[in-house]
Amino acid sequence: QKPPVPVVYAFMPSTDPTDCSIVPDETDGARRAVTHLLDMGRHNLALVAGPERHHSARARAEGAITALATDSLTPALEPLYGEWSEAWGRQAARILLRRNPDIDAVFCASDQIARGLTDGLREAGKSVPGDIAITGFDNWDVMTSAARPALTSIDMDLEGLGRDAANLLLAAIGGEPQHGVHLHPCRLAIRASTAPDEG
């Protein structure tokens, strides 16, 4: 009997633990974003994510909370869950300022949310990053470069993830399958929304 063709699942994990999957380490990405905000001297952080039922929204919020806990901090208020949209970001800006006007940083679980939030804060008379530093997630250039100021964001390094998936597939073809879920590290792309422009 001919052996089955090897398969590697990329970006989304397989439900079968004997399969090989490679996925972005979104929890680690969120941790990197929050650690950066803390390094910039921010301590009163809020978290704004997408729909709570969505794995990425939960993983990113959990990573942010873990990073704060490492510094013996907790979020300035309960994480806000909504939609993956700029409209939700604008709405979240109003909610955050009403519930805790002293926040000095916001970790957003997507660039769309971050761009909307940045607009909402500016409309409310807040300066980014002067009053409130903002990070996004996805490093989607359409959003990061269109935002004012340009967004610091987490890049899931999908190109590197694809390369790793190809290497895992070659290993499986060569008779050395790597079972289970493999996490691919994210990286931080720093822009003006967290660091005042030195130029």
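The values are calculated or read from the model by the stated rules, or taken from the named source; none is laboratory data. Quick caveat: nothing in here was measured; it's all calculated off a predicted structure. Virtual Cβ from ideal backbone geometry, glycine too; neighbours counted across all protein chains shown. Just so you know, the surface numbers come from the protein's heavy atoms only, side chains and all, with ligands and any DNA or RNA stripped out. Shrake-Rupley method; radii C 1.70, N 1.55, O 1.52, S 1.80 Å.
Determine whether GLY89 is at pLDDT 95 or above, surrounded by 16 or more Cβ atoms within 10 Å (Cβ to Cβ), in contact with a strand residue (DSSP E or B) (Cβ under 9 Å, 6 or more places away or on another chain) and closer than 25 Å to ALA124 by Cα.
Details: at pLDDT 95 or above: yes; surrounded by 16 or more Cβ atoms within 10 Å (Cβ to Cβ): yes; in contact with a strand residue (DSSP E or B) (Cβ under 9 Å, 6 or more places away or on another chain): yes; closer than 25 Å to ALA124 by Cα: yes.
Criteria met by GLY89.
With LEU77, LEU38 as the choices, which residue is touching a residue at least 12 places away in the same chain (Cβ under 8 Å) and either in contact with a helix residue (DSSP H, G or I) (Cβ under 6 Å, 6 or more places away or on another chain) or on the phi > 0 side of the Ramachandran plot (or both)? Working first, answer last.
On the way: LEU38 fails: either in contact with a helix residue (DSSP H, G or I) (Cβ under 6 Å, 6 or more places away or on another chain) or on the phi > 0 side of the Ramachandran plot (or both).
From the options LEU77, LEU38, the qualifying one is LEU77.
Residues in the range 50-64: is at least one crowded, with 23+ Cβ neighbours inside 10 Å and within 19 Å of PRO129 (Cβ to Cβ)?
So far as the range 50-64 goes, yes, one or more of its residues are crowded, with 23+ Cβ neighbours inside 10 Å and within 19 Å of PRO129 (Cβ to Cβ).
Condition check ((1) basic (Lys, Arg); (2) more than 18 Å from the chain's Cα centre (by Cα); (3) under 29 Å from MET12 (Cβ atoms); (4) not in a helix (DSSP H, G or I)) across all residues:
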position: GLY89; (1), (2), (3), (4): no, no, yes, no
position: ILE103; (1), (2), (3), (4): no, yes, no, yes
position: VAL106; (1), (2), (3), (4): no, no, yes, yes
position: GLY120; (1), (2), (3), (4): no, yes, no, no
position: GLY125; (1), (2), (3), (4): no, yes, no, yes
position: VAL142; (1), (2), (3), (4): no, no, yes, no
position: ALA150; (1), (2), (3), (4): no, no, no, yes
position: ALA165; (1), (2), (3), (4): no, yes, yes, no
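So which residues in the range 1-42 are open to solvent by 80 Å² or more (accessible area, probe 1.4 Å) and assigned to a loop (DSSP other than H, G, I, E, B)?
GLN1, LYS2, PRO3, PRO4, VAL5, VAL7, PHE11, MET12, THR15, PRO17, THR18
When the range 167-199 is examined, which residues are found to be small (Gly, Ala, Ser), assigned to a loop (DSSP other than H, G, I, E, B) and either touching a Ser or Thr at 6+ places or on another chain (Cβ under 9 Å) or open to solvent by less than 90 Å² (accessible area, probe 1.4 Å) (or both)?
Quick first cut of the range 167-199, residues small (Gly, Ala, Ser) only: 171-172, 174-175, 180, 189, 192-193, 195, 199.
This time we only want the ones that are assigned to a loop (DSSP other than H, G, I, E, B), so: 174-175, 192-193, 195, 199.
Answer for the range 167-199, where residues must be small (Gly, Ala, Ser), assigned to a loop (DSSP other than H, G, I, E, B) and either touching a Ser or Thr at 6+ places or on another chain (Cβ under 9 Å) or open to solvent by less than 90 Å² (accessible area, probe 1.4 Å) (or both): GLY174, GLY175, ALA192, SER193, ALA195.
Touching a strand residue (DSSP E or B) at 6+ places or on another chain (Cβ under 8 Å), modelled with pLDDT of 95 or more and open to solvent by 50 Å² or more (accessible area, probe 1.4 Å) - does that describe any residue in the range 141-156?
No, because not a single residue in the range 141-156 is touching a strand residue (DSSP E or B) at 6+ places or on another chain (Cβ under 8 Å), modelled with pLDDT of 95 or more and open to solvent by 50 Å² or more (accessible area, probe 1.4 Å).
Could you check the range 127-140 and list, in sequence order, the residues that are assigned to a loop (DSSP other than H, G, I, E, B) and among the hydrophobic types (A, V, I, L, M, F, W, C)?
Residues of the range 127-140 assigned to a loop (DSSP other than H, G, I, E, B): 127-132, 136-140.
Listed by number, the residues that qualify are VAL128, ILE132, PHE137, TRP140.
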